[in-house]
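The structure appears below as structure tokens.
Throughout, read-outs are computed from the coordinates displayed, never taken from laboratory work. In this text, all values refer to a predicted model and were calculated from it rather than measured experimentally.
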Amino acid sequence: MHAYEIHQIRSAELIAEADQYRLVRAALRSRRAERRSARDAAEGRVSTDGPRRHRAPRTA
């Protein structure tokens, strides 16, 4: 029975650690989105289709 109790405790610890990790990731994601929207509002977005495509230079 002792091994089962240790397993239960470890399982609860892992669940709490995963919840904390998800919370931190969500906070970082929201901060990043907030910065992005503030930057876009200040400068005005020229293109809305995602990152710029790197095109090959014109040939002669």
- Message: Using each residue's phi in the range 25-40, evaluate 6.51 cos²θ - 1.76 cosθ + 1.60 at θ = phi - 60° and report the 3J(HN,Hα) Karplus result to the nearest Hz, with x for Gly and Pro.
- Response: 4, 5, 5, 5, 4, 5, 4, 4, 5, 5, 4, 5, 5, 5, 5, 5
- Query: Could you give me the ³J(HN,Hα) list for the range 11-23, computed from phi with Karplus coefficients 6.51, -1.76, 1.60 and θ = phi - 60°, whole Hz, x at Gly and Pro?
  - Reply: 4, 5, 5, 5, 5, 5, 5, 5, 4, 4, 4, 5, 5
